[in-house]
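Some notes on the structure that comes next.
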Amino acid sequence: MNNRGWMALLALGVLALLALDSFFIVNQKEKAVLKQFSRIDKTDIEPGLYFKWPLVEEVVKVDGRALVYDVRSQSFLTAEKKLLNVDAFVIWRISNVQRYIVSVGGGSSNAQVMERRARELLDPRVNEGLRNEFASRTVFQVVAGESDVEKVEGDKAIIRDPATGETVEVPTDQLDESVLREAKAAKTDSDSDSPVPSVANDQREALMDQVRDEVNKSTLEDLGIEVVDIRVKQVDWPDQVRGRVFDRMRAERQRDAAAHRSQGREEAEKIRASADRQRTETLAQAYRKAQSSRGEGDAEAAAIYAEAYNQDKEFFRFYRSLRAYSESFDQPEDVLILEPDSDFFRYLNGTKGKP
């Protein structure tokens, strides 16, 4: 092949590359802008196939879907000045692709690089919002999602610790306004005749919503990013205080268990004493009835004996003597030494019972 052939082949290759660079496709999951000499010429391009001038115009595509990333674990102070380790994640998406590329891109057209920079810019805003909201709530509100403000007195709020029952005073300016409104509403209802409604509220949901709204105030305008949601994955005590917290919780559980055991022993002693008293009373009543029945039987037997004796006294004496003989000589080796004229042998010596 001569030089002219090579030149023609090279020209066809260049034309093919220019033809390929003259069209671009925007997918449903993407957002794109068209730049001309580093200046954005067209934004918010709808999905489809488009023509552009090769080497003059450039297409920058970014992910238009909702994205999720984990926020690095941070330590925040609560309203009671207790330190908590918080793990959260953020769901975000690009709402203004032109502002996003200008603010986050920094001249780069790589979507992965811009996404990494966007996370770096979101992190401090999210952490600041979480820090402010955690500082206005107690541990119980953050973990259990309920309000534990007992009452509000002037510029002080009385907060109850549900685990220990202890109360602590916290300035009202450190608490969320929704919590204070609920506490005041509960106090007003308790003074009236109407039933007091529960002031328990999902404080976690309110906390996350307020953090999201606070972060969106800056990200929407500055970065073109909409924070869809912020969620806390885990709330835990720091390592340096976790052992002391667990020891206190263990001591509280042991104290409760000891109180329950003591109460159980007291109830057991009461039941045992009642059972012993009932047993003694039952035995006494049974013994009294037995003695009464035995006395009545003895009296009746004595009456029968007396009646039989009065009917034929001599026969009764003879019958009693025979019983005595039978019982005295029931064994062959029995020996009885008495005088012959003893009254015991009166019926053996004479037919009429006379010696």
Query raised in the report: Full extension from residue 82 to residue 298: what is 0.36 nm times the residue separation minus their Cα-Cα distance, to one decimal in nm?
Result: 69.1 nm
Report summary line: Here the gain from full extension of residue 261 to residue 43, 0.36 nm per residue of separation minus their alpha-carbon distance, amounts to 71.2 nm
Requested in this report: Could you tell me which of rounded, prolate or oblate describes segment 246-310, using a ≥ b ≥ c as the square roots of the eigenvalues of the alpha-carbon gyration tensor, with rounded for a/c under 1.5 and, failing that, prolate when a/b is larger than b/c and oblate otherwise?
Outcome: prolate
Query - In nm, spacing of pseudo-spin labels at residue 319 and residue 155 (7 Å Cα→C-beta vector) - result: 11.3 nm
Query raised in the report: If you wrap segment 19-63's Cα atoms in a convex hull and average its projection over all directions, what's the area in nm²?
Result: 2.9 nm²
Requested in this report: Using 0.36 nm per residue of separation minus the Cα-Cα distance, give me the extension gain between residue 116 and residue 250 in nm, one decimal.
Outcome: 43.8 nm
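Readers should treat all values here as calculations from the given coordinates under stated rules, not as data from a laboratory. Keep in mind the model is a prediction, meaning the values are calculated, not measured. Neighbour counts run over all protein chains shown; Cβ positions are idealised from the backbone, glycine included.
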